[in-house]
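Engineer: One structure is given below, represented as structure tokens, and several questions about it will come after.
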Amino acid sequence: MSQNSFPDLELTDRLAIARAGTAHFGRLLASLTDAQLDEPSLLEGWTRKHLVAHVGYNAAAISRLVEWAATGDEVPMYPSLETRNEEITSGATLPAHALRNLFDHTAARLDEKWRNLPADRWDFPVKTIQGRTVPVAETAWMRTREVWIHAVDLASGATFAEFPDPVVTSLIDDITNAWRRNGTGSDLRLNPPTGTIDVDPDFTGTRVEISGPAPAVLRWMAGRAQSDSAAVPPRWL
């Protein structure tokens with residue numbers, strides 16, 4: 001399912017979608033009171049403060065990858081996955097105003113690093129926290145995925161229907177490919193309007209079919225709609 005996909009867009013358009021997602025998240029954050037930040041997000045065990053800390057620190061981590069590409073000196077996203085988790089836990093204890101400032105400052109820093117990265121450095125290889133080596137241009141997708149999905153997780157009215165079409169298309173691709181790599185979801189058949197996708201085309205048993213508008217199918221795949229279906233999607237991250 002590659003029609004109208006994020007990677008097919010020009011870099012300027014990919015960065016614009018990432019920035020639009022950051023602005024979308026920022027508007028939702030601004031609509032919440034300080035007290036509401038202590039309430040649960042849609043992610044089990046996380047308050048909205050955890051979520052804001054995560055999104056803020058994610059921008060800082062991606063900035064480090066862009067800095068790596070700019071200088072050629074290795075700067076990992078995080079020293080370790082444990083460090084990342086500890087950072088989020090600690091960030092969730094910050095006062096609301098500090099978390100708002102964290103989000104604004106780190107987003108602005110990432111945007112500045114993107115704007116100043118020379119054109120001939122966008123293919124420079126960097127390494128993600130999962131250990132994948134990717135061109136630094138991939139950071140546009142990394143940030144896009146974070147801000148659009150976690151805007152929904154703020155539980156303040158955002159929906160998958162608000163996602164730009166290339167984001168929906170590419171997230172469906174991403175999740176499907178993750179299940180294939182993990183050997184999970186073999187019995188799943190996805191039926192968005194753009195075309196049927198069998199997670200494992202060679203599966204011969206009874207298939208579990210998930211149908212509906214593409215944003216609704218994505219919502220289920222991403223694990224944000226379990227209450228709407230008897231089927232539970234496999235983990236993808």
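Engineer: Just the ratio, please: alpha-carbon radius of gyration of the stretch 116-157 over 2.2 N^0.38 Å, N its number of residues.
Structural biologist: So the stretch 116-157 has a normalised radius of gyration of 1.48.
Engineer: Could I ask something else about it? Identify, among G131, H105, P201, the residue whose Cα sits farthest towards the positive end of the charge dipole of the chain, taking +1 on the Cβ of Lys and Arg and -1 on the Cβ of Asp and Glu, with the dipole about the Cα centre.
Structural biologist: Final value for the positive-end residue is H105.
Engineer: For a footprinting-style exposure proxy, rank F160, F124 by other Cβ within 10 Å, fewest first.
Structural biologist: In order of increasing Cβ crowding within 10 Å: F124, F160.
Engineer: What helices does the chain hold that run 20 Å or longer along their axis, going by alpha-carbon atoms, with a Kyte-Doolittle average of 0.0 or more, using DSSP H for the helix calls? The partial results should precede the final answer.
Structural biologist: Details: long enough: 11-31 (30 Å, 0.40); 48-71 (35 Å, 0.21); 96-116 (30 Å, -1.02); 139-153 (21 Å, -0.27); 165-182 (26 Å, -0.46).
The answer, listed by residue number, is 11-31, 48-71.
Engineer: Hey, got the Cα dimensions of the stretch 95-164 along the principal axes, in Å, largest first?
Structural biologist: 39, 28, 23
Engineer: So, one more: Listing R132, R121, R235 from the residue with the fewest other Cβ atoms within 10 Å to the one with the most, what is the order?
Structural biologist: So the ranking, lowest neighbour count to highest, is R132, R235, R121.
Engineer: For N177 and A20, what does the FRET efficiency come to when R0 = 25 Å and r is the distance between their Cβ atoms, rounded to the nearest 0.05?
Structural biologist: 0.55
Engineer: Another question about this same structure. Considering the convex hull of the alpha carbon atoms of the stretch 1-89, report its projected area averaged over all viewing directions, in nm², one decimal.
Structural biologist: 8.1
Engineer: Within a 10 angstrom radius of the beta carbon, how do E67, E209, E10 rank from fewest other beta carbons to most?
Structural biologist: Listing E67, E209, E10 from fewest to most nearby Cβ atoms yields E10, E209, E67.
Engineer: Let me ask you something else. Tell me, what is a quarter of the convex hull surface for the C-alpha atoms of the stretch 47-203, in nm² with one decimal? Spell out each step's value before the answer.
Structural biologist: Working: hull surface 44.3 nm².
Its average projected convex-hull area is 11.1 nm².
Engineer: Only Lys, Arg, Asp and Glu count, each charged at its Cβ (+1, +1, -1, -1), so figure out the dipole size of the chain about its Cα centre, rounded to 20 debye.
Structural biologist: Approximately 180 debye in magnitude.
Engineer: Given a cut-off of under 8 Å on Cα pairs at least six residues apart, what relative contact order in percent is computed for the chain?
Structural biologist: 23
Since every read-out is calculated from the coordinates, none of them should be taken as a lab result. Computed from a prediction, not measured in an experiment: that's the story for all the values here. With ideal geometry, Cβ positions are generated from the backbone for all residues, glycine too; neighbour counts draw on all protein chains shown.
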